[in-house]
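The values are calculated or read from the model by the stated rules, or taken from the named source; none is laboratory data. As the structure is a prediction and not an experimental result, all values here were calculated from the model. Here the Cβ is made from the backbone with ideal geometry for all residues, glycine too, and neighbour counts use every protein chain on show. Side chains included, ligands, DNA and RNA excluded: accessible areas come from the protein's heavy atoms. Shrake-Rupley method; radii C 1.70, N 1.55, O 1.52, S 1.80 Å.
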Amino acid sequence: MAAAVETSPVLEILVREPDGYSIWNGPPFKNNNQPGIKLEKVPCNNAKYSEDGSRIMVTKMDSAIGIYDSNTLKEIRCFQIPNVVASALSPCGAYLQTFQKSTTPQEKNVVLWSIETGDPVYEQFQKNMTKATWPSIRFSSDEAVACRLATNEIQFFDAADFSKGISHRLRVPGVAAVELSRAPGSHVAAFVPESKGSPASVQIYACAKELQSQPLARRSFFRCSTVQLHWNHGSTGLLVVVQSDVDKTNQSYYGESKLHYLTTDGAFEGLVPLRKEGPIHDVQWSYSGKEFAVVYGFMPASATVFDKKCKPVQEIASGPYNTIRWNPKGKLLCLAGFGNLPGDMAFWDIIDKKQLGTTRAECSVTSEWSADGCYFMTATTAPRLQVDNCVKIFNYNGSLLFKKMFNKLFQADWKPESPDKFGEIAELIKSVGSVKIEETKSLGQGSTTKKPASANPPAQKPAAYRPPHAKNAAVVQAELFGGSSTGEMSKNALKNKKKREKQKEKKAAEAAAASGAT
């Protein structure tokens with residue numbers, strides 16, 4: 001195990017600002033708790049790792065797209081593509097897919113390029129691009145299977161040789177979205193929306209041509225506007241988040257959502273048994289694919305872990321949460337409340353069933369665990385938020401390790417690595433050092449400051465409730481009696497107080513003299 005830790009890859013972070021992107025060496029940091037710079041800032045419009053982290057796609061200022069080796073940072077290929085609107089790398093970085101503005105229907109504006117040769121291997125026309133239809137050609141994680149959504153059908157290709165064209169077609173009338181299982185690419189899920197009184201449905205098919213005569217699993221439902229399809233690692237289970245724009249029970253302004261679960265062997269097809277009513281905020285599979293976690297319900301939301309048989313195995317916590325991030329090693333889990341919530345985060349050990357720590361990362365836009373499972377990074381980025389842009393890195397227990405502010409930040413991503421390349425999480429976390437915070441402002445924002453931060457700062461005791469009329473009582477009293485609303489007496493009030501005290505003393509003296517005369 002020690003050998004496995006010694007040969008573990010170094011963590012890296014891609015950071016993109018308005019004037020370009022740079023690559024940092026990830027934690028643990030050595031130079032005064034500051035990240036080393038692997039690549040100085042390079043001008044670009046966009047930059048993204050491939051799914052396996054082997055290559056980087058960089059969209060340059062002059063409409064050129066460069067493909068780089070992420071280890072040597074040398075350019076492998078550069079494509080000059082005018083009027084490009086979107087681009088995507090295949091999971092292993094073997095293909096580049098581009099979408100261009102088309103001038104005529106005959107123009108093939110979606111092109112799949114071979115990065116090895118630089119030549120187009122497949123071209124087609126696509127009228128428009130949406131989140132559900134891009135990338136147009138979907139790959140499995142090992143690039144062994146490729147498919148594409150078309151009108152009323154799913155088209156499959158020989159991923160090793162696109163020159164053969166479409167290898168076979170799967171007829172699914174009315175299909176509007178597909179999701180190919182990634183590891184392995186053995187199954188595909190198809191979503192068919194409601195039509196003419198018939199319910200919407202999600203169907204699972206095998207990718208092999210000889211096994212596509214009937215769906216392996218099917219689930220139908222009404223009141224469905226959109227769906228989110230989540231495959232597990234192993235391609236044995238599919239989670240379907242069904243979202244409706246209108247909540248007929250009038251309990252939520254944002255509509256209603258349900259969580260369904262289907263297995264490829266047909267053992268389970270139905271609703272996930274949640275113990276609380278309300279929306280589905282987030283759902284995520286563990287890296288092993290043997291369990292999944294759900295954050296759901298009206299606030300305070302609940303979080304529950306289910307096994308692959310859809311049986312609840314652990315109630316984690318309830319609180320102001322709408323985000324769940326499962327550690328790649330499967331042992332740890334982070335619950336967070338981002339977006340319109342204040343940014344509370346709770347770190348849990350799922351195996352030992354205990355909370356490791358809590359903290360807060362306000363206004364975070366993105367969040368993710370490092371590949372080794374020891375660190376958790378949040379980022380506040382533009383254009384979602386134009387102020388207080390920053391990167392924060394936390395230890396596995398929620399203690400703040402590093403923080404850096406930016407004038408404007410567009411992106412902060414870990415370099416993807418397989419968690420199997422790292423040792424066991426129990427051994428890795430031993431190397432996590434003492435808690436530190438480094439607040440480093442970018443050039444022009446001031447000097448660097450250092451201050452220790454508590455891992456779990458105590459929550460402030462809420463102030464007692466004061467009704468509105470009580471809040472203004474001091475001001476009204478000051479106006480009526482000459483006092484000050486801050487509690488300090490004015491000159492007139494002090495003068496009047498002294499007069500009253502003298503009158504009391506005079507009356508007391510007169511009363512004493514009268515009693516002595518009698």
Label-to-label distance, nm, for residues given as Leu385 and Asp307 (7 Å Cα→Cβ offset): 4.0 nm
How much net charge surrounds Ser181 when only the other residues with a Cβ under 13 Å from the Cβ of Ser181 are counted, with Lys and Arg +1 and Asp and Glu -1? 0
Whole-number percent relative contact order across segment 323-423, with pairs defined as alpha carbons under 8 Å at least 6 apart: 20 percent
Over 29 Å between C-alpha atoms is what I'm after, so list which of Lys101/Lys164; Lys48/Lys258; Lys329/Lys408 land there. Lys48/Lys258; Lys329/Lys408
Calculate the dipole size of segment 279-413 relative to its Cα centre from +1 charges on Lys and Arg beta carbons and -1 charges on Asp and Glu beta carbons; express the result in debye to the nearest 20. 140 debye
Gyration tensor (alpha-carbon) shape descriptor, segment 280-377, a/c threshold 1.5: oblate
Sorted on mean Cβ neighbours within 10 Å (highest first), peptides 88-95, 76-83 come out as 88-95, 76-83
Rounded to the nearest percent, how much of the accessible area of segment 303-432 (1.4 Å probe, protein heavy atoms only) is carbon and sulfur? 49 percent
Charge tally for neighbours of Ser288 with beta carbon under 12 Å away, counting Lys, Arg as +1 and Asp, Glu as -1, is +1
Which peptide among 116-124, 285-293 comes first, and what is the full order, when sorted by highest mean count of other Cβ atoms within 10 Å? 285-293, 116-124
For peptides 199-207, 302-310, 501-509, sequence by mean Cβ density within 10 Å, most packed first: 199-207, 302-310, 501-509
Between Asn407 and residues 5 or more places away or on another chain, which pairs have amide H atoms under 5 Å apart, with H built 1.01 Å from N, and which residues are they? Ser442
